[in-house]
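Structure record follows, encoded as structure tokens.
The values are calculated or read from the model by the stated rules, or taken from the named source; none is laboratory data. As the structure is a computational prediction, the values presented were derived from the model and not from experiment. Neighbour counts are summed over all protein chains in view; Cβ atoms, including those assigned to glycine, are modelled from backbone coordinates with ideal geometry.
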Amino acid sequence: EDQVTQSPEALRLQEGESSSLNCSYTVSGLRGLFWYRQDPGKGPEFLFTLYSAGEEKEKERLKATLTKKESFLHITAPKPEDSATYLCAVQPFLNNNAGNMLTFGGGTRLMVKP
Amino acid sequence: DTEVTQTPKHLVMGMTNKKSLKCEQHMGHRAMYWYKQKAKKPPELMFVYSYEKLSINESVPSRFSPECPNSSLLNLHLHALQPEDSALYLCASSQTGFVEQFFGPGTRLTVL
């Protein structure tokens, strides 16, 4: 069974204090790994897609990396507006062309204090 | 236009009511999805439509009935819901294939 585990569940940072969020996954075959940001009461906002080990993507203060077992979301010098829940999702390889199914991790709630 | 819209934003309904949630996208995506999200939990997939045909139903109770009238619209018809069905209902769309999904803002549903 496909599994995605995110750690830590919650993370408090001071403004400017860099850190990393972890997403560990077990899938029969990985077709893609996705990072989303979600603000309270709103829909997830797409951040990055990673397809193969060694791949990296960057956007402003965020950098996502991928290995064969896990992905990291590095946050450099975070600001209070980066406070949100960060969700990781994997898309497994399916033989039946059933569609684009995502398996989500539980998320990391990030709080950045000024 | 890179937006998925959902109406209404909030919905309160009784257990005997019939209501519908609506979702619309104009990105030319041919896959559309309904998710249910409870507080402090990740989204749970309910239904997937691919080329306007239902391709995945994740064992959702029949009191939830999806409909895809055309490639831009997705509805979720609700009937005889239970209080435990109260949640944030999210719609998403994507190109077909192994690509990212784009989510709407959600409908906050409360069942009394």
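The table that follows gives values for the structure above.
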| quantity | calculated |
| --- | --- |
| Hey, B:Lys9 in contact with a strand residue (DSSP E or B) (Cβ under 9 Å, 6 or more places away or on another chain), of a type outside the set (A, V, I, L, M, F, W, C), within 21 Å of A:Met101 (Cα to Cα) and exposed (fewer than 15 other Cβ atoms within 10 Å of the Cβ) or not | no |
| Region A:41-59: number of residues that are touching a Ser or Thr at 6+ places or on another chain (Cβ under 9 Å) and either at pLDDT below 95 or more than 12 Å from every other protein chain (Cβ to nearest Cβ) (or both) | 4 |
| Those residues of region A:33-65 which are among the basic types (Lys, Arg) and free of Cβ contacts under 8 Å to residues at least 40 places away in the same chain, in sequence order | A:Lys42, A:Lys57, A:Lys59, A:Arg61, A:Lys63 |
